[in-house]
Amino acid sequence: MAKLQPQAAPLPPEIIQLRQTYQAAQARLVDIIASQNAKGNVTVYREAIMKSVKQELAVLDKFAYEWTNENIPQYYGRSAEKVFTTFRKANIVVGDVAASTQAARIIAANATGQLVEANRFVGRVINDEIRQAGIDAVAEKLTAGDTVKQTKANLIKKMTDRGVVAIRDAKGREISMDAYADLVARSTTREATNRGTMDSVQSLNQDLVQMSQHSSACPVCAAYEG
């Protein structure tokens, strides 16, 4: 009999929103390249594309800033409030201690920095790709007009085959824009949740631990479950 795999928890709507926004931006960047008229020389063509690319990335920067500054503090605040509620349910008297907003702001700023740096990387990659596509076209010894058209064709093929890369890790692996945005969202919301919990417990000068319950096979762990 096949063993049923546990269902993954559904993603929160705000993380879905971030990922979908980056997916849409990714599609628009490819469309900018596909719709740009292949006229003039390669330099003029590259500058025209990069102007539109920079405008699109500036919009994405603004969205990243607004998203992190709205959502990260909420995760931090909810986890802090959950601590206070948990203590009260355990009949431990605690005051209304306000959670620190400074820590949430720092986490939000770090998340914004990660997303904005990824956007800058996207711009550099597209610029480099256009340059290389032009070099490849020139190497084919075409006429001036055909060189620009071939540059566009080469570029579209690369972007279609490869996607829009947002980051390259230490091992050289490339991560797409939407996947990286999803990664940043998950890691920073988790960090904000954990930090909100720890800061609140410390501010109350109390320790309260509740073990999870998951039918552990370990006899030592099983004694503490729940």
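The values are calculated or read from the model by the stated rules, or taken from the named source; none is laboratory data. As the structure is a prediction and not an experimental result, all values here were calculated from the model. Here Cβ is always computed from backbone atoms with ideal geometry, including for glycine, and neighbour counts include all displayed protein chains. Only protein heavy atoms, including side chains, enter the accessible area calculation; ligands, DNA and RNA are left aside. Shrake-Rupley method; radii C 1.70, N 1.55, O 1.52, S 1.80 Å.
Around the amide H of Ser176, modelled in the peptide plane, lie the amide H atoms of Ala166, all under 5 Å away and 5 or more residues distant in sequence or on another chain. Evaluating 6.51 cos²θ - 1.76 cosθ + 1.60 at θ = phi - 60° for every residue in the stretch 10-25, the Karplus couplings come out as x, 6, x, x, 5, 6, 4, 4, 4, 4, 5, 4, 6, 5, 5, 5 Hz, glycine and proline recorded as x.
Accessible surface comparison of Lys158, Lys149, Lys171, probe 1.4 Å, protein chains only, largest first: the order is Lys171, Lys149, Lys158. If you count Lys pairs in the chain whose Cα atoms are under 18 Å apart, skipping same-chain pairs closer than 8 places in sequence, the total is 11. Between Asn37 and Glu66, what's the calculated FRET efficiency when r is the beta-carbon distance and R0 is 35 Å? Round to 0.05. Efficiency, rounded to the nearest 0.05: 0.60. What the phi angles of the stretch 107-123 give under the Karplus curve with 6.51, -1.76 and 1.60, with θ = phi - 60°, is a coupling list of 4, 5, 5, 5, 5, 4, x, 5, 5, 5, 5, 5, 5, 5, 4, 4, x Hz, glycine and proline written as x. From its DSSP helices (H runs of at least four residues, each -39,500 (n - 2.57)), the chain gives a residue-normalised ellipticity at 222 nm of -25500 deg cm²/dmol. Taking a ≥ b ≥ c as the square roots of the eigenvalues of the Cα gyration tensor of the stretch 21-120, is the shape rounded (a/c under 1.5), prolate (a/b larger than b/c) or oblate? Cα axes put the stretch 21-120 in the prolate bin. Relative contact order, whole percent, for the chain stands at 30, derived from Cα pairs under 8 Å and 6 or more residues apart. Within the shell of other residues whose beta carbon sits under 14 angstrom from the beta carbon of Gln36, the net charge comes to +3, with Lys and Arg scored +1 and Asp and Glu -1. Solvent-accessible surface of protein heavy atoms, probed at 1.4 angstrom with all chains present, puts Thr193, Thr101, Thr147 in the order Thr101, Thr193, Thr147, largest first. In terms of the Cα gyration tensor, with a ≥ b ≥ c the square roots of its eigenvalues, is the stretch 101-226 rounded because a/c is under 1.5, prolate because a/b exceeds b/c, or oblate? It comes out prolate by the Cα gyration axes. Percent relative contact order of the stretch 107-226, based on C-alpha pairs within less than 8 angstrom and at least six residues apart? Relative contact order for the stretch 107-226 comes out at 22 percent.
Note that the stretch 73-80 has calculated 3J(HN,Hα) couplings of x, 5, 4, 4, x, 5, 5, 5 Hz, one per residue in order, obtained from phi through the Karplus relation 6.51 cos²θ - 1.76 cosθ + 1.60 (θ = phi - 60°); glycine and proline are x.
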